[in-house]
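This report concerns only the one structure given below.
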Amino acid sequence: MNTKKSIRRCAHTILAGVRPVRGLLVAVFAALLSVSAPQAQPESAPSPVAGSWTGELSVGGMSLPLVFNITSGPNAAGSTMDSPKQGVKGIPVASVSFDAKGGRGVRIEIAAIKGYFEGTTSEAGDRLTGTWNQAGASFPLTLVRASKPFVLDRPQEPLPPFPYRTEEARIASSAQGVTLAASLVLPPGPGPFPAVVMVTGSGAQNRDEEILGHKPFLVIADYLARRGIASLRYDDRGFAASTGDFASATTFDLAADARSACEWLIQRPEIDTLRLGILGHSEGGIIAPIVASQMPGIDFLVLLAGPGVPGSRILEAQGALIARASGQSEAAIREAAGLNRKLYAAALQNLPEQDLVLSVRTVYMEGIQAMTSLSPAEKAEAQQDATRTAMTLTSPWFRSFMALDPATYLAKTTVPVLALNGSKDLQVPGEENLAAIRACLPEESRARSRFLLLDGLNHLFQHAGTGLPKEYGDIAQTFSPEALGLIADWVLNPGAPTP
């Protein structure tokens, strides 16, 4: 909601929105709109569209491949839908139905995400032309028969055999009802090995920090293991195989989980307890110093696109940078920034929950109506999202993040820090945040730390064109080899003098 586009996006994107620091699109579909059940296909007839179908959906400037796997059984039972870029597979297809007159119309309903495809088969039966429908909006979508499975180009994703061992673990967090499902990667040999605990960015993430078909934490773990470094990565609470409630968690709750992971790892005999650190990406880059400021036994930090300024400043800068790179006018950017500042202030009021949501909703509705950069139709569309926007802004995570100042914890960080940012990061601007991290660290820690702005890298540490989030899934590279080398060198010799 930081730009003209993003003010409107929640109402009509098929993807669930994510927390602003990460600014990505989470790898799950949003269940947004109820649809009526289609006319059922006769039980005796196999599906004439049996097979795999692929198509590219364009949403907000992003190309999103979709795959429909339709079975040949009655009513296409067992059919599924995949979104490879999002890492989502096997979404159940509720039904496949055809028009009552026996023509070429087809409807594929996916009740789990309250969406459906509706189109027409070609005379040759090799193409379905129609629309994807969800959340009250329709997007053109053409599906073609797939001659082979759709595979994303992800050349860095590790493939077996692996010259290291991986051990699955269940880690009890200090928080009641939270158990973290984790993977411990150990290099060959008895150890003890230097090690890192990996902490994901904002939004519910699995242990690989999987996003748009990329698995950056898996790539990092593989690289480190080949350099003789152990790692522990885990699914966020309440997501994938971990238990707990993610929706009500704040950054400080997630820090408690990270600390529990560190305490578990430090007990392992294979780990060199004098070289145990935390690697945090984005929001994980503030969680890392929170844990380090509270827990003895942490020997170094690796902050990847970590914030050094308060959350509210991150959000404001992020919104302006993404809007500018997307071609928005300076007038529209200023107007959106002004509304956002009002919304943030309203969300931080000390009011009962229902009153707070109502107050923020009112500010949003009035602000949208006053925006001169939006047409009447765009204002009407944006205002349909008022309640959901207000609930997002007043959530425990959002309120705590806006008020969170990394300086409080960086000032207590006495260990050496490797802080890396990309010059094309539009979500956590590199120069400003690196300077803030440097300034906040105690003098002794600062003297043993490194602060590097890596040219051409975006928020995910990919070599990028514009740095816009919509590029993330289109880039084949998952993580810069240069950044991988810097991380491994640091873990093996933290606090070493700058070359």
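Quick rundown of the values:
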{"item": "Distance violations [Cα-Cα > 28 Å] among LYS114/LYS470; LYS412/LYS470; LYS215/LYS424; LYS85/LYS148; LYS148/LYS470; LYS215/LYS470", "result": "LYS412/LYS470"}
{"item": "Förster radius 22 Å - calculated FRET efficiency between ASP99 and ASP126 (Cβ-Cβ, nearest 0.05)", "result": "0.70"}
{"item": "Calculated on alpha-carbon atoms, Rg and Dmax of segment 448-494 in Å", "result": "12.2, 37"}
{"item": "Förster-model FRET efficiency, 41 Å R0, LEU452 and ARG165, C-beta, rounded to 0.05", "result": "0.80"}
{"item": "Heavy atoms of HIS463: accessible area, 1.4 Å probe, square angstrom to 10", "result": "90"}
{"item": "Degrees between helix 216-226 axis and first principal axis of the chain (Cα, 0 to 90, nearest 10)", "result": "50"}
{"item": "Three-way shape label, segment 146-250, alpha-carbon gyration tensor, a/c 1.5", "result": "oblate"}
{"item": "Rounded accessible area per residue of the chain, 1.4 Å, Å²", "result": "40"}
{"item": "Convex hull (Cα only) mean projected area of segment 121-185, reported in nm² to one decimal", "result": "9.9"}
{"item": "Computed log₁₀ I(q)/I(0) - Debye formula, equal Cα scatterers, no solvent, segment 64-157, q 0.16, 0.17, 0.22 Å⁻¹", "result": "-0.69, -0.78, -1.30"}
{"item": "Dipole moment magnitude, nearest 20 debye, the chain about Cα centre, only Lys, Arg, Asp, Glu C-beta charged", "result": "340"}
{"item": "Options LEU180, PRO216, ALA390, ranked by Cα towards positive dipole end of the chain, top entry (Cβ charges)", "result": "ALA390"}
{"item": "Loop-exposed GluC sites (Glu not before Pro) per DSSP, neighbour cap 14 Cβ within 10 angstrom, longest uninterrupted part of the chain", "result": "124-499"}
{"item": "In Å, descending, principal axis extents of the Cα set of segment 256-365", "result": "57, 38, 16"}
{"item": "Value of [θ]222 nm, deg cm²/dmol, for the chain, DSSP H segments ≥ 4, -39500 (n - 2.57) each, nearest 500", "result": "-9000 deg cm²/dmol"}
{"item": "Diffusion coefficient, µm² s⁻¹, Stokes-Einstein with Kirkwood Rh over alpha-carbon pairs of segment 363-449 at 10 °C and 1.306 mPa s", "result": "97"}
{"item": "Rounded tilt (10° steps) of 251-266 against the dominant C-alpha axis of the chain", "result": "60"}
{"item": "Under Karplus coefficients 6.51, -1.76 and 1.60, residue-wise ³J(HN,Hα) of segment 183-192 in Hz, glycine/proline x", "result": "10, 9, 9, 10, x, x, x, x, x, x"}
{"item": "Stokes-Einstein D (µm²/s) once Rh is taken as the Kirkwood radius of segment 424-483 over alpha-carbon pairs, at 37 °C in 0.692 mPa s", "result": "260"}
{"item": "Cα-based equivalent ellipsoid, segment 376-499: semi-axes from gyration tensor eigenvalues, Å", "result": "34, 22, 11"}
{"item": "Carbon/sulfur fraction of accessible area - segment 109-219, other protein chains in place, 1.4 Å, %", "result": "54"}
{"item": "Net length gained if the chain between THR80 and SER375 were fully extended (0.36 nm per residue, minus Cα distance)", "result": "102.3 nm"}
{"item": "Extension reserve of the ASN493-THR142 stretch, reckoned as 0.36 nm per residue once the Cα distance is removed", "result": "121.1 nm"}
{"item": "Kirkwood-type radius of the chain, with distances r between different C-alpha atoms, in Å", "result": "24.0"}
{"item": "Debye, to nearest 20: dipole size of segment 338-438, +1 on Lys, Arg Cβ, -1 on Asp, Glu Cβ", "result": "180"}
{"item": "Cleavage-rule hits (trypsin sites (Lys or Arg not before Pro)) in segment 245-328: DSSP loop, at most 13 neighbouring Cβ within 10 angstrom", "result": "none"}
{"item": "Coordinate range along principal axes, alpha carbons of segment 195-259, Å, largest first", "result": "38, 27, 18"}
{"item": "Cα-based equivalent ellipsoid of segment 313-394: semi-axis lengths in Å, sorted from largest, via gyration tensor", "result": "22, 16, 9"}
{"item": "Fully extended contour minus Cα-Cα distance, from GLU431 to THR273, at 0.36 nm per residue", "result": "53.6 nm"}
{"item": "Accessible carbon and sulfur surface of segment 307-347 relative to its total accessible area, %, 1.4 Å", "result": "56"}
{"item": "The chain: relative contact order in percent, alpha carbon pairs under 8 Å with at least 6 residues between", "result": "14"}
{"item": "Helix 353-370 vs. the chain, principal-axis angle (Cα, 0 to 90°, nearest 10)", "result": "70"}
{"item": "Inter-label distance, nm, simple model (7 Å from Cα along the C-beta direction), LEU351/GLN294", "result": "3.0"}
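The values are calculated or read from the model by the stated rules, or taken from the named source; none is laboratory data. Here the structure is a predicted model, which means the values were calculated and not measured. Here Cβ is always computed from backbone atoms with ideal geometry, including for glycine, and neighbour counts include all displayed protein chains. Heavy atoms of the whole protein, side chains included, go into the accessibility calculation; ligands, DNA and RNA do not. Shrake-Rupley method; radii C 1.70, N 1.55, O 1.52, S 1.80 Å.
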